[in-house]
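Inspection log for the structure reproduced underneath, given as structure tokens.
The values are calculated or read from the model by the stated rules, or taken from the named source; none is laboratory data. Keep in mind it's a predicted model, so treat the numbers as computed, not measured. Note that each Cβ is placed from the backbone with ideal geometry, even for glycine, and that neighbours are counted across all protein chains shown.
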Ligand SMILES: Cc1cc2nc3c(=O)[nH]c(=O)nc-3n(C[C@H](O)[C@H](O)[C@H](O)COP(=O)(O)OP(=O)(O)OC[C@H]3O[C@@H](n4cnc5c(N)ncnc54)[C@H](O)[C@@H]3O)c2cc1C
Ligand SMILES: NC(=O)c1ccc[n+]([C@@H]2O[C@H](COP(=O)([O-])OP(=O)(O)OC[C@H]3O[C@@H](n4cnc5c(N)ncnc54)[C@H](OP(=O)(O)O)[C@@H]3O)[C@@H](O)[C@H]2O)c1
């Protein structure tokens, strides 16, 4: 195999979950000493890399779905990936099986974390499309750190019911949070009972998101994290701004922040 590029280490795929024919999760195990301590903060992303047919490394960013998890001298990282038919890396990842090796980045990064949420916010709204739910699941696994919030609202907007991933994990988290975690699925291209229809900005505007979550958003209490499709982020930013919310800056506290996936 070609030399491992700087900032990457070999990992072994220890689990693969296929949610649909184009949507899957990969859990990898890598030597912990290749990572900083702690290896990452919930909500951050790392990188995956594979060799293409031309023998070149193709690398892309992927958020961890889990919180840092150590077993002896190994660290486990789990990623949720959607295969883009003409993409450069994801069709290669689509062929990966349990037991295969893949390169994982050793320098996780990103600011969509619990400690970046202003202390004054008591309700954390996590608005995601598609694979953008990943970092929020990681954040929710940090139960002790999330005790500071009165309400946690997890919104997952997808095209089809099959893409409503990690249902068991979410149900277990809802039990753990004893009513403080509200889960609102939105499905845009199928009618699904128990899920809202349409898109996040519409559902914010017409108050149906708040009604489904049984949480009333307010400038004083709410903080919104947005993650996934850049068009969703653009339109949701506009909607939030029309509702009176401001983008959060370190030098001037606001009520929302985001991570674009492309
Ligand atoms: C900070 C960060 C975190 C990310 N985390 C994840 C993650 O956890 N899971 C994940 O699947 N992707 C994630 N991505 C996107 C990922 O880095 C790749 O861009 C994606 O997997 C496509 O790679 P590719 O080489 O197959 O496609 P490319 O050849 O790079 O084609 C890119 C095109 O695919 C589309 N696209 C890219 N990502 C997505 C996506 N997630 N959903 C739908 N359409 C997409 C866009 O139209 C984009 O222009 C993240 C990106 C960033 C910047
Ligand atoms: N191989 C396959 O069979 C297959 C199947 C599906 C997808 N894919 C690939 O995966 C990619 C799509 O992945 P995805 O479904 O996770 O992503 P997506 O297109 O980002 O859709 C996720 C959700 O975001 C919504 N959305 C889109 N634009 C929005 C906006 N401006 N404001 C608010 N919400 C918005 C969508 O609603 P709408 O439905 O209303 O757009 C949908 O509910 C495609 O580009 C395709 O390449 C492949």
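Some points to look at:
- Only listed residue being within 20 Å of the chain's Cα centre (by Cα) and either farther than 14 Å from residue 147 by Cα or without any contact (Cβ under 8 Å) to a residue 40 or more places away in the chain (or both), chosen from 104, 117: 104
- The listed residue being touching a helix residue (DSSP H, G or I) at 6+ places or on another chain (Cβ under 6 Å) and without any contact (Cβ under 8 Å) to a residue 40 or more places away in the chain, out of 181, 249, 196: 196
- Scanning segment 127-147 for residues that are surrounded by fewer than 24 Cβ atoms within 10 Å (Cβ to Cβ) and under 14 Å from residue 222 (Cβ atoms) yields no hits at all.
- Checklist (1) over 22 Å from residue 240 (Cα atoms); (2) touching a strand residue (DSSP E or B) at 6+ places or on another chain (Cβ under 6 Å) applied to residue 160, failing item: (2)
- Every residue from segment 60-87 that is more than 15 Å from ligand 1 (Cβ to nearest atom) and modelled with pLDDT of 95 or more: 74, 75, 76
- Among residues of segment 7-25 that are in contact (Cβ under 8 Å) with a residue 24 or more places away in the chain and at positive phi, those with a Cβ under 7 angstrom from a residue that is in a strand (DSSP E or B) and within 15 Å of ligand 1 (Cβ to nearest atom), sequence gap 6+ or separate chain, pair up as 7/105.
- When 254, 244, 228, 194 are screened for being surrounded by 14 or more Cβ atoms within 10 Å (Cβ to Cβ), in the same structural domain as residue 133 (by TED's automatic domain parsing) and on the phi > 0 side of the Ramachandran plot, only 228 passes.
- Of the residues making up segment 211-262, those that are more than 16 Å from ligand 1 (Cβ to nearest atom) and in a strand (DSSP E or B) number 7.
- Only one entry in 95, 151 is more than 20 Å from residue 7 (Cα to Cα) and within 16 Å of ligand 2 (Cβ to nearest atom), namely 95.
- Leading residue by the ranking (surrounded by the most Cβ atoms within 10 Å (Cβ to Cβ)) among those in segment 79-102 that are touching a helix residue (DSSP H, G or I) at 6+ places or on another chain (Cβ under 7 Å) and assigned to a loop (DSSP other than H, G, I, E, B): 83
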